[in-house]
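The values are calculated or read from the model by the stated rules, or taken from the named source; none is laboratory data. Note that the coordinates shown come from a computational prediction; the quantities given were computed from them, not determined experimentally. Cβ sites come from the backbone with ideal geometry, for glycine too, and all protein chains shown count toward neighbours. We work out accessible area using only protein heavy atoms, side chains counted, and drop any ligands, DNA or RNA first. Shrake-Rupley method; radii C 1.70, N 1.55, O 1.52, S 1.80 Å.
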Amino acid sequence: MVNARKTLPNLSFALSLAWLSLVACQPTVERLEDSAPASTRVRADFRLDVPQVMRGTVAQESILVGFEPVAVEGYGLVVGLDGTGCTTMPPDLRAHMSADMTRRGIGPSGSQGSAPPPERMLNDPRTAVVIVRGTLPPGSNARQKRTPGTQFDLEVIIDPRTDATSLLGGRLYTCDLRPASGSGLPPTGSRQADALGEGKGPLFVNPFALRGSDGRELIDLTRARIIGGGEATKRVPLRLRLASPSHARARMIASAVNARFPQDPGMRDDVARGESDEMISIAVPPRWSQDTTTFAQLLRHTTIQQARQEASAALVAREVQRNPRMALDAAWRWRAMGPKALATTRGLYDAPERRVREAALKAGAWLDDPLVLPHLEVFAQSEDPESRRLSAVLMAELPWDPRLEFALTKLVDDSELDIRLAAYEALVDLGSSTVRRVRFHPEFEVDLVDSNDPLIYVTQTLIPRVVVFAPQHELARPLFADLTTQNMMAVAEDGDDLVRLRYDGKVIGSAPTLLALVQSLATPENSALGRKGFGLDYAATVGALYGICRNVDRGIPFRAQQDRMLATLARRFEVRPDQTRSIRQDFDEDITFAIEDPGEGRADFEPLPEELAPPLPPTAESNEISDLNPSAAPPDEPRRDFKPESPSTDRPDFDPPSA
């Protein structure tokens, strides 16, 4: 048996030594903790302040990264010119074009048809080397086997280093479009980035004359547009970046987005796919590829708690009545909720506050609610132009009803240009028999609209189209129009039953109606079918119509797509003529307005607000565009697209956990 008296002193001595060792080591342990490296994880939390009407949405929890247009450019070859092309160019440009044409198989047995070797084509005055520029819309989709990529318009400019003089009558061969360098001229050789899209198609030379410094009217023949000629070949990546990274929250948001946007046929993955606790990848469904702005709005306004849509709709109704300035966001929220929101919106169709009433009617029309129609019929008879225009826009969303056609046929003869056009487009969407679509020329459409007042309207973006209101309206006579640029002449004496049209030495007699005039200009001659016409392309047809209408005694209104936007903005913002600079009747970017009082904003759609996008993480996907803005900084302050309000204490939808 061990003696306890001997054991206790030894145990006490051992404990004392241990205590002294710990005391001696304590400063060393503290110094090691001070010098230890910090965690390598950097928190990306940032605050998003949203109003009550946006509570519980994707926009409250994340920002949409990458939703911005992408400028693209490249060199291309225009063929079919009437000796106005180029034969001289810099050696590096010639080498670049020759190599590109060889790669594409342009030659005797190439894919572009039977053609001379590249070098001979570059020396032919019927061809010209041009600079092609365009803008990929935000969220563009790539071309797939069964679905085309997102389309966009192109601007074509003669390369200033060549001796080409005119692009009239030309057609652009297929060319690659790469991210714009911002250095003036697109790069060549190994300095080129990967292609994001392609461009091709017939050129639309602006037929509207500009007045020069000497007072003469001039047409710029060195620039042209290809309407809808660009197509995306790579997808512009979109991502949702969470304000507070969390795997659980990311899964919840992705699930809500996929419930709102099911997979379209041909899609391999879900629309929303989590990449990390901070990033969710978004793929635009093919059905939305030509309208990515609407898709983004619906995405941002999607309710996260899908099981409580009715409660969320009621909450939105209470908040928008308290703060009518949020009416547009309320309309988008109800639309994103779907039919479950109709029980709430129907109670607001007669709301006393106009903005609340219009928001509910928008959502109801978007959701195909037939109870909206009686209210829109009242709007259509209003003395307020904005109410009439809104009624025409929303009627296009509803299923066909004879009452719709009756109301819209009256608006087709409205005194306001944009209201007439909105009513025409609604009739097209409804498939009304009052609008007939014909194709006199294979490259563009002609719409004939039953109306009492004549009008010719031409589009300048995405789809080339001539719209003729009152197609049986007769031109005033006598008539004389000498169109030097188009190499055309139109003559009719007083009392003549025919208008004599002369083009390039050929003479055709046309009936004096607008329909017969367009048909004679655009229809290609075919003796086997008994067809007589000049077969002019879109640009030449538009130019001839514009010139002839300007020379008619009574005058037939001729409006381009830009004039429609001008009419809407001028009325909405009450812009006086002395507040605007000289307005060119060609491309949209040339319009500038000095707006003093924007009032309550647009009554239909508003563009997605710009947001500061942080750098995107690198991706290995071959069909996506890599980071295009590496210098963008992550947001370090609250967003400014919504007015901050005090948070709710009784929210029935989704409350993120407190930090």
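Per residue, what volume in Å³ does the Cα convex hull of the stretch 254-378 take up?
122
May I ask you to give the average projected area over all directions of the convex hull of the Cα atoms of the stretch 373-422, in nm² rounded to one decimal? Let's see the in-between values first.
Working: hull surface 11.6 nm².
If you wrap the Cα atoms of the stretch 373-422 in a convex hull and average its projections, you get 2.9 nm².
Would you work out what percent of the accessible area of the stretch 325-394, with all protein chains in place, is carbon or sulfur (probe 1.4 Å)?
Numbers: 1400 of 2630 Å².
Answer for the stretch 325-394: carbon and sulfur cover 53 percent of the accessible area.
With a 1.4 Å probe and every protein chain left in place, work out the accessible area per residue of the stretch 434-528 in Å², rounded to a whole number.
I get 45 Å² per residue for this part.
Mind checking the log10 I(q)/I(0) for the stretch 289-330 at q = 0.16, 0.31 Å⁻¹? Debye, one equal scatterer per Cα, no solvent, two decimals.
So the normalised log intensities work out to -0.51, -1.03.
Find the accessible area per residue for the stretch 334-393; the probe is 1.4 Å, ligands and nucleic acids are left out, and the unit is Å².
40
With +1 on each Lys and Arg Cβ and -1 on each Asp and Glu Cβ, how big is the dipole of the stretch 383-476 about its Cα centre, in debye rounded to the nearest 20?
The dipole magnitude comes to about 320 debye.
With 5 Å bins from zero, work out the P(r) of the stretch 182-305 over every alpha carbon pair and list the percent per bin.
2, 8, 12, 14, 12, 10, 10, 9, 8, 5, 4, 3, 1, 0
Probe 1.4 Å, all protein chains in place: accessible area of LEU448 in Å², nearest 10?
Number for this one is 10 Å².
Determine the alpha carbon to alpha carbon distance for each of LYS145/LYS234; LYS145/LYS362; LYS145/LYS340; LYS362/LYS410 and list only those over 24 Å.
Working: LYS145/LYS234 13 Å; LYS145/LYS362 36 Å; LYS145/LYS340 36 Å; LYS362/LYS410 21 Å.
Exceeds cut-off: LYS145/LYS362; LYS145/LYS340.
When N is the residue count of the stretch 458-505, what does its C-alpha Rg come to as a fraction of 2.2 N^0.38 Å? Let's see the in-between values first.
Values: Rg = 13.8 Å, N = 48, 2.2 N^0.38 = 9.6 Å.
My calculation over the Cα atoms of the stretch 458-505 gives 1.44.
Among the trypsin sites (Lys or Arg not before Pro) in the stretch 258-339, which ones are in a DSSP loop with at most 14 other Cβ atoms within 10 Å of the Cβ? Mind listing them?
Values: sites: ARG260, ARG268, ARG273, ARG287, ARG300, ARG308, ARG318, ARG322, ARG325, ARG333, ARG335; in loops: ARG268.
Qualifying residues, ordered by number: ARG268.
With the cut-off at 1.5 for a/c, could you classify the stretch 357-467 from its C-alpha gyration tensor as rounded, prolate or oblate?
prolate
Suppose every K and R has +1 on its Cβ and every D and E has -1 on its Cβ; what is the size of the dipole of the stretch 72-183 about the Cα centre, in Debye to the nearest 20?
480
From the Cα trace of the stretch 131-179, what convex hull volume per residue do you get, rounded to a whole Å³? Mind dumping the intermediate values first?
Details: hull volume 5.4 nm³, N = 49.
So the per-residue hull volume is 110 Å³.
Please compute P(r) over all alpha-carbon pairs of the stretch 454-551, binned at 5 Å starting from zero, and give each bin as a whole-number percent.
Percent of pairs per bin, in order: 3, 13, 25, 26, 20, 9, 3, 0, 0.
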